[in-house]
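Taking it in order: structure first as structure tokens, then the write-up.
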Amino acid sequence: MRSPRTARLGDVDPAGSRHLGRRSAVLVGDERVVAGTADGTVVAFDHGLTEQWRADGEGCVVSLAATAECLVAGERGVSGAVRAYDAATGAERWRYEAAEDVGTADRETRFLLPFVADIETDGDRIYAAVRRYERSGEQQESAASAGGGRRFESVVAAFDTDGTIRWRYRADASPISLAADADRVAVAYNRCPGDHQHGLVVLDAESGTPTTTWDPGTDGGRRVGDVALHGDGVVVASHGDFCGYRLDETGVEQWRLPLATPELVAGERVYAYPNHVHADACGAVFVTGNTYPEEGRETDARHPQENTAVGVTPGGEVRWRTGVGGFASGVGTDGDSVAVPGAQHFRSRTPESHGLTVLGIEGGQRRTVGSDGVVTAASLADGVVASIEEPVTYHDEERVRGTYRLRIVTEN
């Protein structure tokens, strides 16, 4: 893999020791690489990093998807906008403001703003999952065991490429990711403190009607962290019991794989959430996050499977395991390849964990590229790997590490 080519993305406040949540996005296409930034700007470059066009927005760009005709960006912002641009020119084609469906923030706090958690496309139709939550002391007392005092409003919306909304699926739960093919849209719900009690819902792509539901059975806690579709089945990363699952088209479990289940480490029981999954014909890859204790939030222990990618056969057998450094807020996928961005490990705060890891489902780790700052988003296609680096300043040191920039590397 060659050394990265880079392009500056402007200025952004450095991240800190703990994660700030997503505020950037990147997408590799056949002719261009698109970066979405923390100030709402969407910038398109060719693969040599010559700028082609840019467009302004209002909130942080946190999700991107593309069809043959348009580039679609999703924001965390006051309006929770989904914006579609002509892929070649950057001219805005249409806009949807999700706040009209999920409501507006009840306080001026970034994490309470409407958030376009994911955008997916099957090539002909675009799907967006948007959520917003409210939190109060009264709610926290009455519902601490049912989602940490959160009340969610969410919608999954299906659009034609001209912006026509085909259907909406609403829930008082927190969607975290989508997967789509020609017939199905799978929605992973992370928290379900209200009437909606399914960590996974599979919708008919044409009508938005639920066809399958599944849940890890963890009422009141976290449910699902990510979902992937393959063939007639579904592969799920479960936050509820820290396992990976393969389900058939009716939601019946085909296999269950413990990934980072609670273990006793240095006298304390700790675990790590499986946050991401990608699947294709040759198997699946799961990626876990940072260590958490069963009691409280702080711990000096480290789960042996934290920040780990796990390659799995189609039958659910482990092929390989490899560390990925720091926390991954999302992964890039292309066929049997996965790009994992490595941000800060907020407990140990080791800059050596910053970087990008490229994996093959069958063979495991192929390349690792370090970075000065934290890597917060990644995308790959046809051997081109793009990522976003953000600057970081740890609370126990004064220096700023890294730069806000787009990085591109090629695998040949």
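Take the alpha carbon gyration tensor of region 163-277, find the square roots of its eigenvalues, order them as a ≥ b ≥ c, and report rounded if a/c is under 1.5; if not, report prolate when a/b exceeds b/c, else oblate.
Prolate.
Inverting the pair-averaged 1/r between distinct Cα atoms of region 1-68 gives 13.0 Å as its Kirkwood hydrodynamic radius.
Which of the GluC sites (Glu not before Pro) found in region 353-407 are loop residues per DSSP with 14 or fewer other Cβ atoms within 10 Å of their Cβ?
Loop-located and lightly packed - E362, E397, E398.
T121 contributes an accessible area of around 30 Å² to the protein surface, as traced by a 1.4 Å probe with all chains present.
Which trypsin sites (Lys or Arg not before Pro) in region 104-137 pass both tests, a DSSP loop state and at most 13 other beta-carbon atoms within 10 Å?
Values: sites: R107, R110, R125, R131, R132, R135; in loops: R107.
Sparse-neighbourhood loop trypsin sites (Lys or Arg not before Pro): R107.
Carbon-plus-sulfur fraction of the accessible area of the chain, 1.4 Å probe, in percent? The nonpolar share, carbon plus sulfur, comes to 42 percent. The overall shape of region 57-142, judged from the alpha-carbon gyration tensor, is prolate: a/c is not under 1.5, and a/b is greater than b/c. Rolling a 1.4 Å probe across all protein chains gives D396 an accessible area of roughly 100 Å². Of the GluC sites (Glu not before Pro) found in region 248-323, those that fall in a DSSP loop while having at most 15 other beta-carbon atoms within 10 Å are E249, E294, E295, E298, E317. Entry note, the chain: relative contact order of 12 percent, from Cα contacts under 8 Å with a spacing of 6+ residues. Relative to the compact-globule estimate of 2.2 N^0.38 Å, the Cα radius of gyration of the chain comes out at 0.91. Taking Cα centre as origin and charging only the Cβ of basic (Lys, Arg, +1) and acidic (Asp, Glu, -1) residues, the dipole magnitude of region 1-111 rounds to 540 debye.
The magnitude of the dipole of the chain, with charges of +1 and -1 set on the Cβ of Lys/Arg and Asp/Glu and taken from the Cα centre, is near 940 debye. Its Cα centre serving as origin, region 301-384 has a Cβ charge dipole (Lys and Arg +1, Asp and Glu -1) of approximately 340 debye.
Of the residues H198, H276, the one with the largest accessible area comes first in the ranking H198, H276, computed with a 1.4 Å probe on protein heavy atoms.
Largest first, how would D226, D172, D336 line up by accessible area (1.4 Å probe)? Present the calculation step by step, with values, prior to reporting the outcome.
Details: D226 20, D172 45, D336 70 Å².
Reading off the accessible areas and sorting them downward yields D336, D172, D226.
Largest mean-square fluctuation among D30, D101, D122, in a Gaussian network model of the chain whose springs join Cα atoms under 10 Å apart, belongs to D30.
The values are calculated or read from the model by the stated rules, or taken from the named source; none is laboratory data. None of these values were measured; they are calculated from a predicted model. Don't worry about glycine lacking a Cβ; one is built from the backbone with ideal geometry, like all the others, and counts go over all protein chains shown. Protein only, heavy atoms only, side chains kept; ligands, DNA and RNA dropped before computing areas. Shrake-Rupley method; radii C 1.70, N 1.55, O 1.52, S 1.80 Å.
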